[in-house]
């Protein structure tokens, strides 16, 4: 490695730390400054939203006069994992390389290409649903199936553990709430079915009509009623109670 490459990469690392580009983290490995690792966070409004995509930039010793090799290591549905990606700023096209381009320029270009529909060597075509599903799984993949990510982003690994635990708890609560709602709905349906069946077994037509009227009033009582109607509701309840008592006395007298 030339001194020029070393000084240039040290300078770029300092610039990225002081002014990090949106959605991008990048740092060299501790053992080799020519071997860089980056993380792209999927931007909002894209199929990659919330995803965490780890990749590598391998710089030649002649940098900045020659371009780096670009790879993505996390499944994204956009690029083959651990395969060279052909871009104008990658080692596929040394003739197009501009020495003024930097690490930030390269990863921003990769992100722009990632969210487009263009194709190139190293890219793949998948449905949007696949990209979204892979975005959801990306943190889990990086944490448990990506050793290079764990070696270079221990801080993100800790955050991933917290995020995964929170997501699992939220999913468990969502399923529990769904089960509770279904159980409540079933109980209400069963109760309504029992009441309807009970009324239908009344033989006397007039008594059946009165019972249905009482049921309808009880249903209305469950609905919110303005305070101004409180007195009227009490009167209706008293009348219905009197009717019910009269029917009971009538029935006992008949017996």
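Tell me yes or no: at least one residue of the range 85-92 is surrounded by fewer than 21 Cβ atoms within 10 Å (Cβ to Cβ) and in a helix (DSSP H, G or I).
Checked against the condition, which is being surrounded by fewer than 21 Cβ atoms within 10 Å (Cβ to Cβ) and in a helix (DSSP H, G or I), the range 85-92 yields no hits at all.
Residues of the range 9-29 being assigned to a loop (DSSP other than H, G, I, E, B) and in contact (Cβ under 8 Å) with a residue 24 or more places away in the chain, which ones?
21, 23, 29
Only one residue in 23, 6 is modelled with pLDDT of 95 or more, over 24 Å from residue 160 (Cα atoms) and surrounded by fewer than 21 Cβ atoms within 10 Å (Cβ to Cβ). Which one?
Of the residues listed, the single one that is modelled with pLDDT of 95 or more, over 24 Å from residue 160 (Cα atoms) and surrounded by fewer than 21 Cβ atoms within 10 Å (Cβ to Cβ) is 6.
Can you pull out every residue in the range 111-155 that is in contact with a strand residue (DSSP E or B) (Cβ under 6 Å, 6 or more places away or on another chain) and over 20 Å from residue 70 (Cα atoms)?
The one that is in contact with a strand residue (DSSP E or B) (Cβ under 6 Å, 6 or more places away or on another chain) and over 20 Å from residue 70 (Cα atoms): 139.
Could you tell me whether residue 146 is in contact (Cβ under 8 Å) with a residue 40 or more places away in the chain and assigned by TED's automatic domain parsing to the domain that holds residue 73?
yes
Based on what the data block shows, is residue 71 modelled with pLDDT of 95 or more, surrounded by fewer than 22 Cβ atoms within 10 Å (Cβ to Cβ) and in contact with a strand residue (DSSP E or B) (Cβ under 7 Å, 6 or more places away or on another chain)?
Yes; evaluated as a whole, the condition is true for this residue.
Among the residues of the range 68-84, write down those that are closer than 15 Å to residue 52 by Cα and either touching a helix residue (DSSP H, G or I) at 6+ places or on another chain (Cβ under 7 Å) or in a loop (DSSP other than H, G, I, E, B) (or both).
Residues satisfying the conditions are 73, 74, 75, 76, 77, 78.
Quick check: is even one residue across the range 185-201 surrounded by 10 or more Cβ atoms within 10 Å (Cβ to Cβ), touching a helix residue (DSSP H, G or I) at 6+ places or on another chain (Cβ under 9 Å) and at pLDDT 70 or above?
Among the residues of the range 185-201, not one is surrounded by 10 or more Cβ atoms within 10 Å (Cβ to Cβ), touching a helix residue (DSSP H, G or I) at 6+ places or on another chain (Cβ under 9 Å) and at pLDDT 70 or above, which makes the answer no.
Go through (1) crowded, with 24+ Cβ neighbours inside 10 Å; (2) under 23 Å from the mean Cα position of the chain (by Cα) one by one and return the number of the condition residue 59 breaks.
(2)
So which residues in the range 116-143 are assigned to a helix (DSSP H, G or I), in contact with a helix residue (DSSP H, G or I) (Cβ under 8 Å, 6 or more places away or on another chain) and free of Cβ contacts under 8 Å to residues at least 40 places away in the same chain?
Within the range 116-143, 140, 143 qualify.
Mind listing whichever residues of the range 42-56 are under 19 Å from residue 115 (Cβ atoms) and surrounded by fewer than 19 Cβ atoms within 10 Å (Cβ to Cβ)?
The answer is 43, 44, 45, 46, 49, 50.
Just for the range 93-115: of the residues that are modelled with pLDDT of 95 or more and assigned to a loop (DSSP other than H, G, I, E, B), which one is farthest from residue 11 (Cα to Cα)?
115
The values are calculated or read from the model by the stated rules, or taken from the named source; none is laboratory data. Not measured: the values here are computed from a predicted model. Note that each Cβ is placed from the backbone with ideal geometry, even for glycine, and that neighbours are counted across all protein chains shown.
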